[in-house]
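One structure below.
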Amino acid sequence: MEHITPIKEIDSIKDDFTIKVRIIHLWTQKSKFNAKETYSIEMILMDEEGRKIHASCVKKWFPKFKRYLKEDISIYVKKPNVAPNTLNFKFADPERKLNFYHDTTVKECENFSGSAHGFDFVDFNTIVFEQLMESNLLVSSFNINFCYITSYFSFLSATN
């Protein structure tokens, strides 16, 4: 296999690169004009270093890529389009996202050695005291409050 570019080195100026990633989450985005029609397949991709990036494949390219786009599958992606991440909610890299287009090629990867699920565990006190680093992007206040309340009640029952 040719040179593999880590997600942290992806550059929008360079368009001929290959990444080796696992699809750790996948969902469909419905068309805003027809709720019964799928507009795109959205994915969170993770490389072997654990870095993540959001990727999209619009309906036009489903026939070319759909057989490779499944959760927990590892793939090589060559020549994806790099675009600014303009989404309101950023699931991964806050600056960039990838798009699969006509020049993009995808192949299965048998030897992915990164994490199976892509979790970024942090100490509970880091969450409570809001010391999360910018790389932990999607931590909603609901999740923080739920974790805090669960921990607080566990603490109360242990002391009573």
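Assuming 0.36 nm per residue, please report the length gained on full extension of the stretch residue 30 to residue 60 beyond their Cα-Cα distance.
Once the chain is fully extended between residue 30 and residue 60, it gains 9.4 nm.
Beta carbons within 10 angstrom, averaged per residue: use that to sort the peptides 40-50, 103-113, 70-80, highest first.
Listed from highest to lowest mean packing, they are 40-50, 70-80, 103-113.
Of the options 84, 40, 101, report the single residue whose Cα projects farthest towards the positive end of the charge dipole of segment 7-108 (beta-carbon charges: Lys, Arg +1; Asp, Glu -1).
40
With a Förster radius of 25 Å, plug the Cβ-Cβ distance of residue 14 and residue 38 into 1/(1 + (r/R0)^6) and report the FRET value to the nearest 0.05.
Approximately 0.25, to the nearest 0.05.
For residue 101 and residue 125, what does the FRET efficiency come to when R0 = 30 Å and r is the distance between their Cβ atoms, rounded to the nearest 0.05?
0.10
Past 24 Å, Cα to Cα: identify those pairs from 52/78; 64/90; 79/107; 8/78; 36/70; 14/107, in the order given.
64/90
Shape verdict for segment 1-125, please, from the Cα gyration tensor: rounded (a/c under 1.5), prolate (a/b greater than b/c) or oblate.
Rounded is the answer for segment 1-125, as its axis ratio a/c remains below 1.5.
Using a simple spin-label model with points 7 Å from Cα along the Cα→Cβ vector, what separation in nm is obtained for residue 72 and residue 86?
For the pair residue 72/residue 86, the computed spacing is 3.6 nm.
Rank by packing, highest mean first: peptides 29-37, 86-94, with packing defined as the count of other Cβ atoms within 10 Å averaged across residues.
For the peptides 29-37, 86-94, the packing ranking is 86-94, 29-37.
Quick note: the coordinates plus some simple rules give every number you see, no bench work behind them. On a predicted model such as this, the values are computed, not experimentally measured, just so you know. With ideal geometry, Cβ positions are generated from the backbone for all residues, glycine too; neighbour counts draw on all protein chains shown.
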